[in-house]
Amino acid sequence: MTPRELPLLLVRHAVAEDTHALGDEARALTPEGRALFRQHARKLARLTPLVGVFTSPLVRAVQTAELLAECFGLSQVEVHPALVPRKGAHKHILQLARESGPGFALVGHNPSLEKALALALEAGGGEAAPDKLRKGTVAALQPSGKKGFRLDWWATPGRPVRRAGAGR
């Protein structure tokens with residue numbers, strides 16, 4: 001597989017605690033969320049290699065990114081400010097997607113990831129995004145046009161990989 005064929009992965013963090021005494025930023029993955037995402041990431045690692053992982057600094061995203069990196073044989077993840085959940089974050093995520101390109105995974109949060117995915121697909125030709133990025137869902141994108149992407153496939157933990165255009 002050449003670098004041009006590698007997808008860019010948009011990854012929503014796995015299932016996390018509902019609350020944490022130290023606030024939202026400290027919410028960690030649940031044991032079940034951790035186990036299910038590890039199994040999911042192992043399956044995805046058989047589909048494509050990765051060259052790097054960027055993550056939001058929030059605990060649940062960092063833990064998801066670390067599991068992803070482990071299953072893909074990568075030694076580290078990099079926290080990136082573009083993935084911090086805040087107003088307008090989807091534009092920063094899309095810019096990071098364009099800059100990092102194929103072979104990278106971007107781990108973050110909704111609604112920013114859903115908005116970034118919709119914007120990326122619109123810029124790539126107007127293809128519709130999956131209905132919802134559930135916790136742990138991975139959307140694989142390929143560059144399309146100058147600034148856009150097209151959806152290659154997406155996968156949600158515990159469900160089969162869905163190919164774009166194969167019916168929803």
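Counting only residues that are within 18 Å of the chain's Cα centre (by Cα) and closer than 17 Å to residue 107 by Cβ, how many does region 28-37 have?
Total satisfying the criteria: 6.
State whether one or more residues within region 15-23 are touching a residue at least 60 places away in the same chain (Cβ under 8 Å) and under 14 Å from the mean Cα position of the chain (by Cα).
Yes - at least one qualifying residue is present in region 15-23.
Within region 1-118, which helices (runs of 4 or more DSSP H) (wholly inside it) include 3 or more residues that are closer than 16 Å to residue 140 by Cβ and among the charged types (D, E, K, R)?
none
Considering only residues that are free of Cβ contacts under 8 Å to residues at least 40 places away in the same chain, of a type in the set (A, V, I, L, M) and either closer than 21 Å to residue 38 by Cα or surrounded by 14 or more Cβ atoms within 10 Å (Cβ to Cβ) (or both), which ones fall in region 143-168?
If the condition is that a residue be free of Cβ contacts under 8 Å to residues at least 40 places away in the same chain, of a type in the set (A, V, I, L, M) and either closer than 21 Å to residue 38 by Cα or surrounded by 14 or more Cβ atoms within 10 Å (Cβ to Cβ) (or both), then 151, 164 are the ones that fit.
Given the conditions (1) surrounded by fewer than 22 Cβ atoms within 10 Å (Cβ to Cβ); (2) over 21 Å from residue 29 (Cβ atoms); (3) touching a Leu at 6+ places or on another chain (Cβ under 8 Å), and given that residue 126 satisfies all but one, which numbered condition is not satisfied?
The one condition residue 126 does not meet is (3).
Can you tell me which of 116, 140, 97, 105 is touching an Asp or Glu at 6+ places or on another chain (Cβ under 7 Å), touching a residue at least 40 places away in the same chain (Cβ under 8 Å) and crowded, with 20+ Cβ neighbours inside 10 Å?
140
The numbers here are math on the coordinates, done by the rules we state, and not lab data. Computed from a prediction, not measured in an experiment: that's the story for all the values here. Reconstructed Cβ throughout: ideal geometry from the backbone, glycine too, with neighbour counts over all protein chains shown.
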